[in-house]
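Here's the structure, in structure tokens; my notes come after.
Values quoted throughout were computed directly from the atomic coordinates according to the rules given, and no laboratory measurement underlies them. From a predicted model like this one, the values you see are computed outputs, not experimental measurements. Positions of Cβ are generated from backbone atoms using ideal geometry, with glycine treated the same way; all protein chains shown enter the neighbour counts.
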Amino acid sequence: MNGPPSVFGAVHLGYLVIETNHLADWRRFGTDAIGMHRDDPDSGLTRFRLDDQECRFLIRRGPAEDVVAAGWHIDDHPTFERIEARVRAHGVPVAEGTAEEAALRGVERLLRFPGPKGITQEIYTTPLTSPEPLRMLASGFVTGDSGMGHIALTSARPTLIRGYFTTVFDARLTDYIDETISGARLRIRFLRVNERHHSIAVAGVRGLPVDPVRTRVQHLNIQAATLDDMARSYQRVHELGFDMALSVGQHTNDKELSYYARTPSGFEWEVGWNPLVVDESTWEPSTHQGISVWGHTPMGASVIDRLAQFRNSARSLAHPEQTVPALSGPGIPDD
């Protein structure tokens, strides 16, 4: 007997909502360093575009200094309703966004529900496009069927996060990376919901029930259209005085060339180029040792940074990580 239809392939990362009290720095970072198109609806809001869609990043004034919501573009109304029904069937509350919230995100309507690490998950079917020509320093970014990039989380409960995205979006495990950073052993799970190698990465600290990162996201990623676009944005980040987290390098698993800048809110922003696209007919999950073939050298790390990381880890013991047990499945043995 066949199970319910899968929604895999009909889900794409569409936008992110970021809350900050460093709005002026974010405007300069996004426009002058990364090279995106910027609109400022009012003094407390900024939107960045990567393509013809009205909004890919909504930056609003507030104290979080973090990603607070992720918007997922769903291909059609039947798939949208299937996802909504799944969430409701597990007893998780679903709320409709207001007309104003939808307009700010550049969509016709949206539904929202709780997500791991306190990041609200939002789904929509119809993005609004802008007739206004793009004003960007970059020649373009890769979006389309792959979505606009990926988000990466650290977690003391990575299996629950994988279970969540499997339950809600039929996410598939692409591969793992085993890495040791500052003495901590990490197993990173890469999850895909379409042809992009991963739309969600989850780094679990092995053997320690702590989360070393203050922010809900460790980094987010966008994909430059050309190698020249990536290299020029790397140069602008340096020249404008923004912190660089990792130098240019190439990943072991998706082969993407990229660098990591540090945003005004503290989490990292990866600009990448030319990751591989998964062929569903042949792909098998595997484990890679280390995140990089070459490069991705830490930049600017100091004793103070390491002490801050230790404090964040200790703080995470006192404040349990937010999960959504009802949508996280029975637990998936994947180690």
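What the table below lists for this structure:
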item	result
Selection from Gly140, Tyr124, Ala70 lying farthest towards where the dipole of the chain points positive, charges on Cβ	Ala70
Computed over the range 144-326: relative contact order in percent, which uses C-alpha pairs under 8 Å that are six or more apart	25
Whole-number percent relative contact order across the range 11-124, with pairs defined as alpha carbons under 8 Å at least 6 apart	28
For the range 72-190, Kirkwood radius (reciprocal of mean inverse C-alpha pair distance, Å)	16.9
Rg ratio (alpha-carbon, reference 2.2 N^0.38 Å) - the range 11-124	1.10
Computed log₁₀ I(q)/I(0) - Debye formula, equal Cα scatterers, no solvent, the range 139-217, q 0.18, 0.25 Å⁻¹	-0.75, -1.18
Extended-chain gain in nm, criterion 0.36 nm per residue less alpha-carbon gap, Leu276 and Thr120	53.3 nm
Whole-number percent relative contact order across the chain, with pairs defined as alpha carbons under 8 Å at least 6 apart	19
Label point distance in nm, Asp39-His90, each placed 7 Å from Cα along Cα→Cβ	3.3
Gain in span if fully extended, Asp52 to Glu239, counting 0.36 nm per residue against the direct Cα distance	64.5 nm
Three-way shape call for the range 204-278 based on the alpha-carbon gyration tensor, with the a/c threshold at 1.5	oblate
Computed Rg/Rh of the range 144-326, alpha carbon atoms with Kirkwood Rh	0.95
Per-residue ³J(HN,Hα) for the range 275-284, Karplus 6.51 cos²θ - 1.76 cosθ + 1.60, θ = phi - 60°, Hz, x for Gly and Pro	x, 5, 9, 6, 9, 4, 6, 10, 6, 10
Sum of side-chain charges, Pro133 neighbourhood, beta-carbon under 14 Å (Lys, Arg +1; Asp, Glu -1)	-2
Neighbour net charge for His90 - beta-carbon separation under 14 angstrom, K R +1, D E -1	+2
Of (i) 72, 49, 33; (ii) 52, 50, 42; (iii) 58, 50, 42, the label for Cα extents along the principal axes in Å derived from the coordinates	(iii)
